[in-house]
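As structure tokens, the structure follows; a few thoughts come after it.
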Amino acid sequence: MTENFETRVREHTALARFDPLTKVLNRRGFDGQMETAVTNAKRRGSPLSVIAIDIDHFKKVNDQHGHHVGDVVLKILASAMKIWFRETNIVGRLGGEEFTVLLVDTDLRCAHQVADQLVAHVAGTIFPAVGRITISCGVSRLCIAEDGFSALRRADRALYRAKSDRCNRSVMLETEIAV
């Protein structure tokens, strides 16, 4: 009986940290992993970069094809990101069509190159029932005197800059310090 209870607790704990649709970390799980990654990066003096990712014009996908098709797009994109990024990187779905990736041991320039490659890869992928979609990315790095949430906010600002300019691209915020 105790073993069964412990198994159920482990399953519920996992469910509390993972998005049931995409099977990547949800906000709670991502935040916990981010805190650990930031602590490790600071301790080792290694770089840590953040990519905020958003599907461009995702509302049109849901409006034209239905939420079920939108869910399929989210699942495919999340699966592709789990393959695309190294196992040491941390992928999370923060909500809706927005994902975030922590790139461990990756400097800002390399993270921006990875984001550009991901944008091109997604733009070249054909999604069932939808065809092609595009994504926009915002890229930032962890500064030594800040927490991961500041880097995440900067990546989010870069993402919105990418989307406001023309979408289907990545923008990097290099030295701006979050307020």
Only one residue in G45, G138, G70, G29 is out of contact with any helix residue (DSSP H, G or I) (no Cβ under 7 Å at 6 or more places or on another chain) and of a type in the set (G, A, S), so which one is that? G45
Looking only at region 142-155, decide whether some residue is closer than 13 Å to E98 by Cβ and touching a Gly at 6+ places or on another chain (Cβ under 6 Å). yes
On the basis of being in a helix (DSSP H, G or I) and either among the charged types (D, E, K, R) or under 22 Å from S140 (Cβ atoms) (or both), does A52 make the cut? no
Would you mind finding the one in K60, K82, K75 that is touching a residue at least 24 places away in the same chain (Cβ under 8 Å), out of contact with any Asp or Glu (no Cβ under 6 Å at 6 or more places or on another chain) and more than 24 Å from R154 (Cα to Cα)? K75
Within region 121-136, identify whether any single residue is modelled with pLDDT of 95 or more, basic (K, R) and crowded, with 22+ Cβ neighbours inside 10 Å, and answer yes or no. no
Consider D165 against the criteria (1) modelled with pLDDT of 95 or more; (2) surrounded by fewer than 22 Cβ atoms within 10 Å (Cβ to Cβ); (3) closer than 20 Å to F58 by Cα; (4) in contact with a strand residue (DSSP E or B) (Cβ under 9 Å, 6 or more places away or on another chain): it satisfies all of them except one. Which criterion is unmet? (1)
State whether one or more residues within region 112-135 are part of a helix (DSSP H, G or I), of a type in the set (D, E, K, R) and farther than 24 Å from F18 by Cβ. yes
Residue hits (region 159-179; outside any strand (DSSP E or B), of a type outside the set (S, T, Y) and touching an Asp or Glu at 6+ places or on another chain (Cβ under 9 Å)) are L159, A162, K163, C167, N168, R169, I177, A178
So V171 passes all but one of these: (1) in contact with a Gly (Cβ under 9 Å, 6 or more places away or on another chain); (2) over 30 Å from R44 (Cα atoms); (3) free of Cβ contacts under 8 Å to residues at least 40 places away in the same chain. Which condition number does it fail? (2)
Considering only region 23-32, I want to know if a residue exists there that is in a loop (DSSP other than H, G, I, E, B) and either under 12 Å from the mean Cα position of the chain (by Cα) or crowded, with 16+ Cβ neighbours inside 10 Å (or both). yes
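The values are calculated or read from the model by the stated rules, or taken from the named source; none is laboratory data. All of these numbers come straight from a predicted model, not from anything done at the bench. Virtual Cβ from ideal backbone geometry, glycine too; neighbours counted across all protein chains shown.
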